[in-house]
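Q: Sharing a structure here in structure tokens format.
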Amino acid sequence: MEKIKLIDEKGKRIDGRGAKDLRPIKIKVHPLNRADGSCYIEWGTNKVIASVYGPKEAQPKHLQDPLRAIVRCNYDMASFSVDERKRPGPDRRSSEISKVIGEALENAVLTNLFPRTMIEVNIEVLEADAGTRCTGLTAAGIALADAGIPMRDIPAACAGGKVDGKIVVDLRKEEDQAGDADLPIAILPRTKEILLMQMDGDLSEKEFYELLDLLADACINISEMQKKALLDRYKQEEDVEEDKETEGKKTENKEIKKEEEE
Ligand code: UDP
């Protein structure tokens, strides 16, 4: 098979990005009304929706931990999300991703505040173009914040790797498939504590640390976008509340004036 050229003579990647550039990211907070918290992210051509329910009483009861909440994650990729139709339902890959994301989130949430409960996180991948576990985890972090669940920080995630011998962040599908290594990580941006790290392929120790530094910076940028999206959403809500209050006061004043005139 002919090897695709992933980096051109000018050092640009197939979509024109430099080594440290992220794909465009768009975040919508609380797209779902029935979940306690939710988030929709478009990251490049990845489209992912995350929802959170809870904390609620853990069921079945034998799962209950008297000292803390448990976080259950279910990652699912829709059959229409990839070029070659995916068989619907869970498989080994989605079980693995659900497990590692659930564990990462459990380490971010202040689980000791909600003993015997369960926090349910659902991640639906509607369109996939590599990096969906990181997109899903980043969306889940926002959905948890949207649900008002206390955390040590909002987790942010990003994958990177090595393509054509060069260290780059945020791999797209061609780079993920034809590249030499793939390293997804999730961190708590404030402390840079690592919540998730997986690796596929080969990197030297020097390359590994170089990539880790780039990914930590990428996660800090993503964290800023997460916070901005949450602030925008709740600022909007606050503004609507304020407008309603002002409107209410105006009507009240008008009524008092009318009564005085009568
Ligand atoms: N993929 C696919 N079919 C599958 C699983 C994955 O086409 O059954 C594609 C999809 O675009 C996915 C990418 O391969 O995003 C990389 O998958 P990986 O397992 O590395 O996880 P991800 O990078 O999405 O976290």
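The values are calculated or read from the model by the stated rules, or taken from the named source; none is laboratory data. Quick caveat, the model's predicted, so the values are computed rather than measured. Heads up, the Cβs are rebuilt from the backbone with ideal geometry, glycines too, and the neighbour counts pull from every protein chain shown.
Q: Suppose we keep only residues that are touching a strand residue (DSSP E or B) at 6+ places or on another chain (Cβ under 6 Å) and away from the ligand (no atom under 16 Å from the Cβ) within the stretch 208-218. Which one would you say is nearest to Ala19 (Cα to Cα)?
A: Of all residues in the stretch 208-218, those touching a strand residue (DSSP E or B) at 6+ places or on another chain (Cβ under 6 Å) come to 210-211, 214-215, 218.
Add one more test, that the residue is away from the ligand (no atom under 16 Å from the Cβ), and what stays is 210, 214.
Working: Glu210: 12, Leu214: 9 Å.
Selected residue: Leu214.
Q: Sticking with this structure for a sec: Quick check on Ile142: is it outside any loop (DSSP other than H, G, I, E, B), in contact with a helix residue (DSSP H, G or I) (Cβ under 9 Å, 6 or more places away or on another chain) and away from the ligand (no atom under 13 Å from the Cβ)? Step through it out loud before you land on a result.
A: Values: outside any loop (DSSP other than H, G, I, E, B): yes; in contact with a helix residue (DSSP H, G or I) (Cβ under 9 Å, 6 or more places away or on another chain): yes; away from the ligand (no atom under 13 Å from the Cβ): yes.
Taking the combined requirement at face value, the residue satisfies it.
Q: I need the full set of residues from the stretch 170-207 which are more than 22 Å from the chain's Cα centre (by Cα), buried (at least 16 other Cβ atoms within 10 Å of the Cβ) and away from the ligand (no atom under 13 Å from the Cβ), in order please.
A: Passing the criteria: Asp180, Leu203, Glu207.
Q: Please determine whether any residue of the stretch 149-158 is away from the ligand (no atom under 16 Å from the Cβ) and small (Gly, Ala, Ser). Steps first, answer last, please.
A: If we filter the stretch 149-158 for residues that are away from the ligand (no atom under 16 Å from the Cβ), which is where we start, we get 149-154.
Adding the requirement that they be small (Gly, Ala, Ser) leaves none.
The answer is no; no qualifying residue exists.
Q: Can you tell which of Asp36, Asp8 is out of contact with any Cys (no Cβ under 9 Å at 6 or more places or on another chain) and in contact (Cβ under 8 Å) with a residue 24 or more places away in the chain? Break it down into steps so the answer makes sense when it comes.
A: Details: Asp8 fails: in contact (Cβ under 8 Å) with a residue 24 or more places away in the chain.
After applying the criteria, what remains is Asp36.
Q: So which residues in the stretch 90-116 are closer than 17 Å to Ala157 by Cα and either away from the ligand (no atom under 16 Å from the Cβ) or of a type in the set (Ser, Thr, Tyr) (or both)? Give the derivation first.
A: Quick first cut of the stretch 90-116, residues closer than 17 Å to Ala157 by Cα only: 96-109.
Within the stretch 90-116, Ser98, Glu106, Asn107, Ala108, Val109 qualify.
Q: Which one of Lys20, Lys28, Lys86, Lys12 is more than 21 Å from the chain's Cα centre (by Cα) and more than 14 Å from the ligand (Cβ to nearest atom)? Walk me through how you get there before you give the answer.
A: Working: Lys20 fails: more than 21 Å from the chain's Cα centre (by Cα); Lys28 fails: more than 21 Å from the chain's Cα centre (by Cα); Lys86 fails: more than 14 Å from the ligand (Cβ to nearest atom).
Residue meeting the stated conditions: Lys12.
Q: Quick one: what pairs do we get from the stretch 117-129, first residue more than 16 Å from the ligand (Cβ to nearest atom) and in a strand (DSSP E or B), second at pLDDT 95 or above and among the acidic types (Asp, Glu), C-beta under 7 Å, 6+ apart or different chains?
A: Thr117/Glu57
Q: Need the failing condition index for Asp129 against (1) buried (at least 20 other Cβ atoms within 10 Å of the Cβ); (2) within 21 Å of Gly37 (Cβ to Cβ); (3) among the acidic types (Asp, Glu), just the number.
A: (2)
Q: Which one is farthest from Ile41 (Cα to Cα), of the residues in the stretch 203-257 that are polar (S, T, N, Q) and in contact (Cβ under 8 Å) with a residue 24 or more places away in the chain?
A: Initially, the stretch 203-257 is screened for residues polar (S, T, N, Q), giving 204, 221, 223, 226, 236, 246, 251, 253.
Now narrow it down to the ones that are in contact (Cβ under 8 Å) with a residue 24 or more places away in the chain: 221, 223, 226.
Working: Asn221: 15, Ser223: 13, Gln226: 10 Å.
Among them, the one singled out is Asn221.
Q: Report whether or not Ser81 is crowded, with 19+ Cβ neighbours inside 10 Å, within 13 Å of the ligand (Cβ to nearest atom) and within 17 Å of Lys47 (Cα to Cα).
A: Details: crowded, with 19+ Cβ neighbours inside 10 Å: yes; within 13 Å of the ligand (Cβ to nearest atom): yes; within 17 Å of Lys47 (Cα to Cα): yes.
Taking the combined requirement at face value, the residue satisfies it.
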